[in-house]
Ligand SMILES: Cc1ncc(C[n+]2csc(CCOP(=O)(O)OP(=O)(O)O)c2C)c(N)n1
Ligand SMILES: [Mg+2]
């Protein structure tokens, strides 16, 4: 029975317009093309040259705009290519409506070319919901539901498989609905946390990415100042949630049990806001948190509340949860914690990644955004490239490479007035290097800074830690990043002399379009 006053395509586009999703990220094939018949002028299609790049760009865009991004992939193989960054989007809690073309319904029985037998199973478990609507006319309503699920906390990607012959079919329009997306924390538990915080002798606050996601930057500053409590950053936090030049900034926790305990020993109350405290990269023994400390955690993710090894967890929207703490009783009088010791200034002899980061910090324009994927340079970043303004730092929370370079492009698309500086390791860049082409085509003002050490330094570090005599697959000689950039339409500069670094960085930071600076570090 085919009836209706519009087409599946027009009903879907009308919904996307209402949801503010007029930027589509994709790489098309025969099973998707019919979606774009009479493609309206108020939509833009952002082409990525491989699906992992498509997904990474959409992730950066969704995070920067705080709205779900629409992704269109080519059949099962497109989903396969995108899977790594889909996993990362899931861990980042990034809202994405991911669609993929499916073969036409009328020939599915005959296993046609490009047909995905279990299309909806393929992206699991790294999607919050996955569907191939039972009828063509259900596609717009499925996309509406997908959007609401993606935007519900904890946010994340969802998947809709759309058969190629569905777009031209008739259906009824779908009216968008208002669906709430904040969860108020348990008032009694928040009051208990506020009372414990006020009574603590020496409290410490630990912040994670949820603070940035829920725009609670100002509230965290107010809470820290009210309680004279130092603020540490949770291990591998993928967003910035506190000014790293603030007098109360304490430092960065490493993803290891004993170092978390060591850094937090002496505090009698640990309050984690917006992220897990106990994120580990290696095994450990002993307690997860100092045995004498009372632990409270406010999180936007019920799963994290469930697996936290110690303490009281309260699932809440961060801004309102922290506001409830701010309304709590007056704290006891406390002495101000000691200020952090600044890192010594470096001269550039030798030219290390630390020196490069120091010079980026000195020369970067105000308001510029750092997108990082340079594993062994992350710790030096803490000392040499402090993040001091809200919403100016993005990285991935999964540990999977190939996210940063395309995510920088998505962030630049979402924040068109701001300079984006992508600090990317030489190894990391090659997981998604084709993304440069999209930056060039769209003339985005991104500075790609390649930290070139000719190796996978992070793995060499781990090899030492694990006591390996010999490492396989950890060196990267003879890659010419300037040539690769030029080949994708991005002007580039090679720097191996510290005396020439500042001029190269300045020119890149002032450029209106994308540029790449390849910096040889020791
Ligand atoms: C998809 C993926 N493959 C492999 C790894 C393992 N890995 C972790 S760090 C790293 C090296 C990254 O190299 P580079 O970007 O040059 O940074 P460096 O270690 O030199 O700082 C690799 C391969 C990973 N994290 N993700
Ligand atoms: Mg490297």
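Values in this text are rule-based calculations from the coordinates and carry no lab data. As the structure is a computational prediction, the values presented were derived from the model and not from experiment. Neighbour counts are summed over all protein chains in view; Cβ atoms, including those assigned to glycine, are modelled from backbone coordinates with ideal geometry.
Counting Cα-Cα pairs of the stretch 29-130 in 10 Å increments starting at 0 gives whole-percent bin shares of 15, 46, 32, 7, 0. With Cα atoms as the point set, the radius of gyration and Dmax of the stretch 128-179 evaluate to 11.6, 34 Å. Across the stretch 252-367, the mean sequence separation of Cα contacts (distance under 8 Å, 6 or more residues apart), normalised by length, yields a relative contact order of 19 percent. Working from Cα pairs under 8 Å separated by at least six residues, relative contact order for the stretch 395-468 is 33 percent. Once a ≥ b ≥ c are taken as the square roots of the eigenvalues of the Cα gyration tensor of the stretch 362-459, is the result rounded (a/c under 1.5), prolate (a/b larger than b/c) or oblate (a/b not larger than b/c)? Oblate is the answer for the stretch 362-459, as a/c is 1.5 or above yet b/c matches or exceeds a/b. Taking label positions 7 Å along the Cα-Cβ direction at both residue 37 and residue 178, the computed distance is 3.7 nm, reported to one decimal.
Here the label points at residue 499 and residue 332, each 7 Å from Cα along the C-beta direction, are separated by 6.1 nm in the simple model. Under Stokes-Einstein, with the Kirkwood radius over Cα pairs as Rh, the value for the stretch 441-522 at 20 °C and 1.002 mPa s is 150 µm²/s.
Stretched out straight at 0.36 nm per residue, the stretch from residue 388 to residue 262 would grow longer than its current Cα-Cα span by 42.8 nm. Subtracting the Cα-Cα distance of residue 22 and residue 341 from 0.36 nm times their residue separation leaves 110.1 nm of extension gain. Eigenvalues of the alpha-carbon gyration tensor of the stretch 297-368, scaled by 5 and square-rooted, set the equivalent ellipsoid semi-axes at 38, 20, 15 angstrom, largest first.
Each part reduced to its alpha carbon centroid, the stretch 70-84 and the stretch 401-423 end up 20 Å apart.
To the nearest 0.05, what FRET efficiency results for residue 66 and residue 512 with a Förster distance of 22 Å applied to their C-beta separation? According to the calculation, E is roughly 0.25. With Rh defined as the Kirkwood radius, the inverse of the mean 1/r over Cα pairs, the Rg/Rh of the chain is 0.99. Distance from the alpha carbon centroid of the stretch 286-332 to that of the stretch 488-522 works out to 43 angstrom. Measuring nothing but how far apart in sequence close Cα pairs (under 8 Å, 6+ apart) lie, relative to its length, the chain scores a relative contact order of 14 percent.
The sum of -39500 (n - 2.57) across all DSSP H runs of n ≥ 4, divided by the residue count of the chain, sets its helix-only mean residue ellipticity at 222 nm to -10000 deg cm²/dmol.
Can you tell me the FRET efficiency between residue 225 and residue 113 if r is taken as the Cβ-Cβ distance and R0 is 51 Å, rounded to the nearest 0.05? The value I calculate is 0.25. A Förster radius of 45 Å combined with the Cβ-Cβ distance from residue 434 to residue 170 puts the calculated FRET efficiency at roughly 0.70. The label-point distance for residue 6 and residue 366, in a model that sets each label 7 Å from Cα toward Cβ, rounds to 4.5 nm.
Enclosing the Cα atoms of the stretch 264-325 in their convex hull gives a volume equal to 87 cubic angstrom per residue. Counting DSSP beta bridges with both partners in the chain, what percentage is antiparallel, nearest 5? Around 5 percent of the beta bridges assigned by DSSP in the chain are antiparallel ones. Compute the distance from the alpha-carbon center of the stretch 111-159 to that of the stretch 1-42, in whole Å. Cα centres, the stretch 111-159 to the stretch 1-42: 16 Å.
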